[in-house]
1. Give, as residue ranges, the strands (runs of 3 or more DSSP E) completely inside segment 100-154 that count at least 2 residues that are surrounded by fewer than 19 Cβ atoms within 10 Å (Cβ to Cβ) and without any contact (Cβ under 8 Å) to a residue 60 or more places away in the chain.
2. Name, by its number, the condition in (1) surrounded by fewer than 17 Cβ atoms within 10 Å (Cβ to Cβ); (2) in the same structural domain as Gly87 (by TED's automatic domain parsing); (3) part of a loop (DSSP other than H, G, I, E, B) that does not hold for Ala157.
3. Test each condition in (1) of a type in the set (Val, Ile, Thr); (2) under 21 Å from the mean Cα position of the chain (by Cα); (3) at pLDDT 95 or above for Ile133 and report the one that comes out false.
4. If I filter segment 162-176 for residues that are closer than 29 Å to Asp39 by Cα, under 22 Å from the mean Cα position of the chain (by Cα), without any contact (Cβ under 8 Å) to a residue 60 or more places away in the chain and surrounded by fewer than 20 Cβ atoms within 10 Å (Cβ to Cβ), do I get at least one hit?
5. Name, by its number, the condition in (1) touching a residue at least 40 places away in the same chain (Cβ under 8 Å); (2) under 23 Å from Gly11 (Cβ atoms) that does not hold for Lys292.
6. Could you grab me the full set of residues in segment 281-319 that are part of a loop (DSSP other than H, G, I, E, B) and hydroxyl-bearing (Ser, Thr, Tyr)?
7. Does Asn96 fit the bill of being touching a Phe, Trp or Tyr at 6+ places or on another chain (Cβ under 8 Å) and either over 30 Å from Ala211 (Cβ atoms) or assigned to a loop (DSSP other than H, G, I, E, B) (or both)?
8. Filter segment 241-270 for residues that are surrounded by 14 or more Cβ atoms within 10 Å (Cβ to Cβ) and small (Gly, Ala, Ser) and give the result.
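The values are calculated or read from the model by the stated rules, or taken from the named source; none is laboratory data. Small disclaimer: the values here were computed from a predicted structure and weren't measured. Note that each Cβ is placed from the backbone with ideal geometry, even for glycine, and that neighbours are counted across all protein chains shown.
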Amino acid sequence: MTKLAVVAIGGNSLIKDKKHVTVEDQYKAAKETTYHITDMIEAGWNVAIGHGNGPQVGFILRRSEIAAKVEGMHEVPLDVCGADTQGAIGYALQQNLQNELYRRGIQKSVATVITQVLVDKNDAAFQHPTKPIGGFMEEAEAKKRQAEMGWHVVEDAGRGWRRVVPSPLPQEIVELETVQTLLKAGIVAITVGGGGIPVIDKGNGEYIGTAAVIDKDYASSLLAQKVGADLFVISTAVEKVALNFGKPNQQWIDKMTLSEAKAYLSEGTHFAKGSMAPKIQAIIWYLENGGKQALITNPENIGRALKGETGTWIVPDSA
């Protein structure tokens, strides 16, 4: 039986630093990441790939804002920005994977699925939007958009005003059956990009996009649960997870159980809310719902981690 892995790749897999943000730079970064994913495929894994899109959505929104101010062009809705990035990032990952698979003589196809993810319209996040998006505005413009367009706006640390949107939890992957069909056929599926395009059910089975941002690790966790993945990999900027990260008593972790992960997360001091905490939570949900094992490491160390040489493994208590 071929093993199935869900790999969630972060922003560092596409944007290395502030000096390398162009489309060409992102393509080259994607090439590096797909090289390591191809190592997994060559070792016998079937793979589904989820990815982040935060910076890319930001670029689209900024271009849209400038075009609207300078040329009077219509602005791009947030859900459409998500769809745009799924296509563009999917293209970069897909082509690089196809090229590397061909180079190694591996007969395997790759497909990108523009993926909608259902969220609950009654999710508490819709009452308390917290995720900043787009550029900074003067207070007058922010208040005008709030009144005319129903935006939620906040003052951001003295730097100006920004729009904030909800970050609801993913409930259902709309194209799940399509993704499962691809995986069963041995096709690499690139899906739930940016956490998926957030959609709500109007009540009659009809979906409609909504202005929100879904955490990509949460959506990838849901994907791993639903497809019965043997392994859930979160590829990020660090080789291993650390307790007390960045502090004098920092401690790198090679392995922890589900119970240990839950205890460390509940302490609230080890994992930053905007970075490692959601990754640990995503893995907890995966393991609580039948997941077998999870791994956190950086792209270049995926191969070594799978051999047990590095990375942080998180496993069920019975493992």
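1. Numbers: elements: 110-112, 116-119, 131-137.
Here the list reads 131-137.
2. (2) is the only condition that Ala157 fails.
3. The failed condition is (3).
4. Checking segment 162-176: at least one residue is closer than 29 Å to Asp39 by Cα, under 22 Å from the mean Cα position of the chain (by Cα), without any contact (Cβ under 8 Å) to a residue 60 or more places away in the chain and surrounded by fewer than 20 Cβ atoms within 10 Å (Cβ to Cβ).
5. (2)
6. Thr310, Ser318
7. Against the criterion (touching a Phe, Trp or Tyr at 6+ places or on another chain (Cβ under 8 Å) and either over 30 Å from Ala211 (Cβ atoms) or assigned to a loop (DSSP other than H, G, I, E, B) (or both)), Asn96 qualifies.
8. Ala242, Ala261
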